[in-house]
Every structure is written in C-alpha cells, then in structure tokens.
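Only one structure is covered here, and it is reproduced in the block below.
The values are calculated or read from the model by the stated rules, or taken from the named source; none is laboratory data. Because the structure is a prediction, the values reported are computed rather than measured. Quick reminder, even Gly has a Cβ in these numbers, built from the backbone with ideal geometry, and neighbours come from all protein chains shown.
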Amino acid sequence: MEVVKIVAKPLPEKVYNTESAGISRKTHDEHYKLYQGYVNKANEIREKLAALDKDPAKANQTYSDIRVLKVEYTFALGGVKNHELYFDILGGKGGAPTGPVAEAINKHFGSYEAWAQDLKATGIAARGWVWLALDHDDGSLFNYIGDAQNTFPIWNATPILALDTYEHAYYYDFQTARAKYIDAFLQVIDWDAVNARLEQALKMYNAGR
Ligand SMILES: [Fe+2]
C-alpha cells in the first residue's frame, strides 16, 4: 500500500506585505516552521498508521495506539490545512472586499462592517481559529469558532478564510493585544485569494443542487 506523503507548500512571498500593518516578517518565518512541523508529523503518523497492527482486540477508547495516532492525525493534518489557508489569504489590501465575496458577505452578514465585527468578536472568543466557511447544505456563510487545529470544524462546508488566533500568530508583534492583531489582519486580507476560494466552493455548492 502506498502512503501518500504531504509536501510542504512554500510560504507565499506576499505574506510579508503584512509588515505595513504590524504583523512582522519574523512572526511569519517562525510561524512557517510550525507549519513544517505539522507536515512532518502528519507524514510520520501516516507511516505509523500504515504499519500498525489493526487488530480490533488491541483498540481501546481510553488508550490504544490506534486511538492516539488517529486523534493526533486530525491535529497534525488540521495544522497543515489551517495554515495553508491562513498564509494563502494574507498579504492583500484588506479593507472591504470586492467581487463575489463582497456580495456573499452583504447577503449573509448585512455588511462588511457587520462581518468584520462578528469576525473580531469570534476571534477574541476563540482559542485557536476562526474560519469563514460556505455551508454546502444551504449556501450560507458563517464565521466558525475553533479552539485547536482539530476542534469544531463541521462537515459539508468549505472554509474560504482562516484567522489564526493562537498566541504564536501575534504575541511577538502585539503581546497580549489580540484585538489589535485582528484589526491588523483585517487590513491585510487578500480578498482576491478569498474570492478564488469562494468561486471554487460555489462550484461545489451549485454542483450539489
Ligand atoms: Fe498557527
């Protein structure tokens, strides 16, 4: 059986555009090392799962090798996917969006300002992530809360924007002032990247109708 290996994506050069808003180059360089760690661990767990004895008699919900590997696999793979999304949608002009995402935000939140307020409050309330996602069941957009790499994602939805609220994303630049970090984030969203992801998600949504 072939074990598919995850290949780390390079850090997009455009993320460094966030320096103008106060999110430093150093933060991104250190953050990228964490991302590489998630890639390495996800690959390591894939190898270990492929080699694992899957005898159900050895499985146990309190502690067993398969439990540990499968639980931590979701943490590692979530860490890969969450950060690829986060890095992809950073480094733009921020502010109010244009294009399809502007229409969708106006439809589902009322206005960009209302969406940004919801994102900021959700981000302050989160322990790890906020994801703006399209729900393929009803076509709605929602700012979902996440506490860890693998906490509270929902099925049949596609995240199109991610806000990392772990302290490693902002402490070096803003210390404990997470609200200021989120204000900076709002100034450097790459709406073209978000629009590209929304267009892909809408194709999936429309194909399923
Ligand atoms: Fe992170």
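If you go through the stretch 50-88 and pick out every residue that is in a loop (DSSP other than H, G, I, E, B) and either not acidic (Asp, Glu) or not assigned by TED's automatic domain parsing to the domain that holds Lys33 (or both), you end up with 8.
Looking only at the stretch 152-175, residues that are in contact with a helix residue (DSSP H, G or I) (Cβ under 8 Å, 6 or more places away or on another chain), modelled with pLDDT of 95 or more and not in a helix (DSSP H, G or I) come to 9 in all. Within the set Lys120, Lys107, the sole residue that is of a type in the set (Lys, Arg), in a helix (DSSP H, G or I) and in contact with a helix residue (DSSP H, G or I) (Cβ under 6 Å, 6 or more places away or on another chain) turns out to be Lys120. Scanning the stretch 1-49 for residues that are outside any helix (DSSP H, G or I), surrounded by fewer than 11 Cβ atoms within 10 Å (Cβ to Cβ) and at pLDDT 95 or above yields Val4, Lys5, Val7, Pro10. Every condition in (1) touching a helix residue (DSSP H, G or I) at 6+ places or on another chain (Cβ under 7 Å); (2) farther than 23 Å from Gln187 by Cα; (3) in contact (Cβ under 8 Å) with a residue 40 or more places away in the chain; (4) not aliphatic (A, V, I, L, M) is met by Ser64 except one, and the failing one is (3).
Tell me the residue from Thr27, Thr62 that is within 16 Å of the ligand (Cβ to nearest atom) and of a type in the set (S, T, N, Q), please.
Details: Thr62 fails: within 16 Å of the ligand (Cβ to nearest atom).
Of Thr27, Thr62, the one residue that is within 16 Å of the ligand (Cβ to nearest atom) and of a type in the set (S, T, N, Q) is Thr27.
Does Trp129 fit the bill of being of a type outside the set (S, T, N, Q) and within 16 Å of the ligand (Cβ to nearest atom)? So Trp129 fits the description; yes. One residue stands out in the stretch 82-93 among those that are surrounded by fewer than 21 Cβ atoms within 10 Å (Cβ to Cβ) and away from the ligand (no atom under 12 Å from the Cβ): the one that is nearest to Ile154 (Cα to Cα), namely Asp88. Among the conditions (1) surrounded by fewer than 17 Cβ atoms within 10 Å (Cβ to Cβ); (2) without any contact (Cβ under 8 Å) to a residue 60 or more places away in the chain; (3) away from the ligand (no atom under 16 Å from the Cβ), the only one that Thr122 does not satisfy is (1).
Would you tally the residues in the stretch 94-110 being under 19 Å from Ile23 (Cα atoms) and crowded, with 17+ Cβ neighbours inside 10 Å? Final tally of qualifying residues: 1. Checking each residue in the stretch 158-182 for being under 18 Å from the mean Cα position of the chain (by Cα), crowded, with 16+ Cβ neighbours inside 10 Å and of a type outside the set (A, V, I, L, M, F, W, C) picks out Thr158, Pro159, Asp164, Thr165, Tyr166, Tyr170, Arg178, Tyr181.
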